[in-house]
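Read the structure below first, then the notes.
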Amino acid sequence: MILICGIPSETPITLVTKALTNLGVNYVMFNQRNFKNMSMRFELNHGQITGLLSINGHHYPLERFQGVYTRLMDVQQLPELATEPPNTLVRQNAQILHETLMHWYEIAPIRVVNRTEPMGSNFSKPYQSQLISKHGFLPPETIITNNPEAVQCFWNKHKQIIYKSISGIRSIVQTFTEDDLSRLDLIRWCPTQFQLFVPGTNIRVHVVNTAVFATSIDSKATDYRYAVNQVGNSAQLTEVKLPDELAKRCVDLTQSLGLIFAGIDLKITPNGDVYCFEVNPSPAYSYYESHTGQPIAEAVASYLANKST
Amino acid sequence: MWLILSASHDFHAQWAFTQLQQRGLEPIEWITDQQFAYANCWEHYVDQQGCSVTFKLTDGRTIHGQQIRGVLNRLLTFSTDHFVLAKQSERLYAAQEMNAFFASWLHSLPCPVLNSPSATGLSGRWRHISEWIWLAYQAGLQTDLYQESDLTPRNLYHMQGQLSPPTPSTQTVIIIGQHVLGHSMPPMVITGCRELAQLAQTSCLEINFSVDEKERWFFSGASPLPALIETGEAGLDALATIFFGW
């Protein structure tokens, strides 16, 4: 039996639950919005983990779960808590329930997509970039600084640069232009990340265990995820097949980060150089699957259920 | 040059700084989170040739990454005092950015960094007690029954990786690199502690035990921010060996 954690109506979740049904695999939905009707406990005794998850009066021994797919949203942002004042018992209880869940699946010896700790490398893009480089992917030339003069030099040298956040917050890629010079002094408050713009083809690679799904993205936007806002047209997505060596590197990279499921952002230059910008540990893969028909959800479901695709 | 990084009130860091200086580890600099917050200039490069970092503090010190031969990293988080006039959402964003930035430049240093940054802590990974108990069992240490439920109030000690506050029966072992420091430790505990530090990928680790009347050592918690003063001369020997030896 598989435990699905998150918001049932969210497309990445819906696709996996459908895939599980198609495989004939039972699942239980930990619907975050239903927190008032759920309860959980577990115990750890000489390396053995047992416990119980109760949902709407139904009781599920934790030992029955062979896998977990988790896409939890921030508990405190749940619509059911929107009118709750800060620090009420309701908010605390919702939080503790989710923490108990996460503490359990962080250590449970079952298939979890993905555990919390490995997802953490994404909290710092340049930190993750250093981990990525060990697998032969090129990092874009980057400066992180609070010194406007250093940025000016970087811009003068490269002519085309972009800027974005260092952490995963407010992570929208923007092109640096002459208009930005007048506000460059603002970076004295907080170091900001600037990168050489790398021309080429955006490729998003989804890795599920050892399965690889690659999508080519055609867009003139700096950040194709916001193509409509940036250039007025949405991006064009096409399924592509990676060379075996590159596919293997993507699998090795994913595993080295401790992840089962990852969305890897590559750019392949006209020269054939392969840059990697990010490994996303909780990819919103449905956007790509809906455009290309790639069976990513089926691969996730098969992994969780330990069935070959 | 060697660096000790910590909060300004970290007397373990201050002790290590003073003692290591007296042992001839020179030049050694102690830089606090508040000094970093007001740094004049940061430049951190990441590219195909590798990484570099340079920062200039308001007291005139300039640190280049390539000069650094070792770091004792006890930073918990980044100070945001200088953002006090900003909106809370902006302060939170800036704090996230600074933590992400620190993780990158610390990780980029080629010299020993005790401890390396992680997503859940600038000076090593802070784990919930449930995860520590799981790891301790894998490491061969004795563990007691642990229970958790959404019906019991949040336990702050558990969040900090401890079963409970220290008691008279608490024994502490501190790992610094390969060195296992403590009193009257059974051989299995020494082996298990080394293994736990390896599993946890944490070079500087404090491991606590509750010792019962039969002298059995039960794991009771761990922290990536060990009480260094407790290690005395042995701890200083361990740090000096690691830093001089690189």
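Taken together, the values in this text are just the output of simple stated rules run on the coordinates, not laboratory data. This structure is a prediction, so every number in the text was calculated from the model and none was measured. Ideal geometry is used to build each Cβ from the backbone, glycine not excepted, and the neighbour counts take in all protein chains shown.
Whole Å is fine, so just give me how far the alpha carbon centre of the range B:190-246 lies from that of the range B:96-160.
About 15 Å separates the Cα centre of the range B:190-246 from the one of the range B:96-160.
For a footprinting-style exposure proxy, rank B:THR80, B:THR58 by other Cβ within 10 Å, fewest first.
Ranking B:THR80, B:THR58 by Cβ neighbours within 10 Å, fewest first, gives B:THR58, B:THR80.
Report, in listed order, any pair from A:LYS220/A:LYS267; A:LYS134/A:LYS267; A:LYS134/A:LYS157 with a Cα-Cα distance greater than 23 Å.
Listed pairs above 23 Å: A:LYS134/A:LYS157.
Exposure proxy check: B:ARG74, B:ARG216 ranked by fewest other beta carbons within 10 Å?
B:ARG216, B:ARG74
Only counting other Cβ atoms within 10 Å, I'd like B:VAL84, B:VAL180 sorted with the fewest neighbours first.
Least to most surrounded, the residues fall as B:VAL84, B:VAL180.
Determine, for each peptide in A:234-245, A:273-284, the mean count of other beta carbons within 10 angstrom over its residues, then list the peptides with the highest first.
Answer by packing, highest mean first, reads A:273-284, A:234-245.
Is there a simple number for the mean count of other chain Cβ atoms within 10 Å of the Cβ of residues in A:126-133, and what is it?
Neighbouring Cβ atoms belonging to other protein chains average 6 per residue here.
Taking each residue in A:144-153, count the Cβ atoms of any other chain within 10 Å of its Cβ, then average. What number comes out?
Across the residues of A:144-153, the mean count of other-chain Cβ atoms within 10 Å is 4.
Say R0 is 25 Å: what FRET efficiency, to the nearest 0.05, do B:GLN49 and A:LYS241 get from their beta-carbon distance?
According to the calculation, E is roughly 0.20.
Calculate the spin-label point distance for A:ASN156 paired with B:VAL84, positioning each point 7 Å from the Cα along the beta-carbon direction, and give it in nanometres.
Result: 3.9 nm between the two label points.
Got the relative contact order for chain B handy, in percent, Cα pairs under 8 Å and 6 or more residues apart?
18
Report the residue, chosen from B:TRP217, B:TRP126, B:TRP134, that carries the largest GNM mean-square fluctuation when chain B is represented by alpha-carbon nodes joined by springs under 10 Å.
In this elastic network of chain B, the residue with the biggest mean-square fluctuation among B:TRP217, B:TRP126, B:TRP134 is B:TRP134.
Can you compute 3J(HN,Hα) from phi for each residue in the range B:105-121, using the Karplus curve 6.51 cos²θ - 1.76 cosθ + 1.60 with θ = phi - 60°, rounded to whole Hz and x for Gly and Pro?
Couplings: 6, 5, 5, 6, 5, x, 7, x, 10, 10, 10, 5, x, 9, 5, 10, x Hz.
Using DSSP, restrict attention to beta bridges with both residues in the range A:1-123 and report what percent are antiparallel, rounded to the nearest 5.
50
Under the definition of Cα pairs under 8 Å and six or more residues apart, what whole-number percent is the relative contact order of the range B:141-246?
Relative contact order comes out at 30 percent.
Starting from the eigenvalues of the Cα gyration tensor, five times each then square-rooted, give me the equivalent ellipsoid semi-axes of the range A:91-163, largest first, whole Å.
Semi-axes, largest first: 39, 18, 8 Å.
Which whole-number percent is the relative contact order of the range A:178-296 (Cα, under 8 Å, 6+ apart)?
Result for the range A:178-296 is 26 percent.
As an exercise, identify the GluC sites (Glu not before Pro) in the range B:147-226 lying in DSSP coil whose Cβ has no more than 10 other Cβ atoms within 10 Å.
B:GLU213, B:GLU215
Could you work out [θ]222 nm for chain A from helices alone, using -39500 (n - 2.57) per DSSP H run of at least four and dividing by all its residues? Round to the nearest 500 deg cm²/dmol.
-8500 deg cm²/dmol, from helical runs alone.
Alpha carbon centre of the range A:105-127 versus the range A:222-287: separation in Å?
Rounded to whole Å, the Cα centres lie 19 Å apart.
Need one number: % antiparallel among DSSP beta bridges in the protein assembly as shown, to the nearest 5.
Antiparallel bridges make up about 75 percent of those DSSP assigns within the protein assembly as shown.
Which residue fluctuates the most in chain B, going by a Gaussian network model with Cα springs under 10 Å, if the choices are B:ILE207, B:ILE175, B:ILE28?
Checking each option, the largest mean-square fluctuation is seen for B:ILE28.
For A:LYS36, give me every one of the lysines with a C-alpha distance below 29 angstrom, ignoring sequence neighbours fewer than eight places off in its own chain.
The qualifying lysines are A:LYS18.
Averaged across B:79-90, how many Cβ atoms of other chains sit within 10 Å of each residue's Cβ atom?
Rounded to a whole number, the mean comes out at 1.
Have a look at the DSSP beta bridges in chain A and tell me what percent are antiparallel, nearest 5.
Antiparallel bridges: around 80 percent, rounded to the nearest 5.
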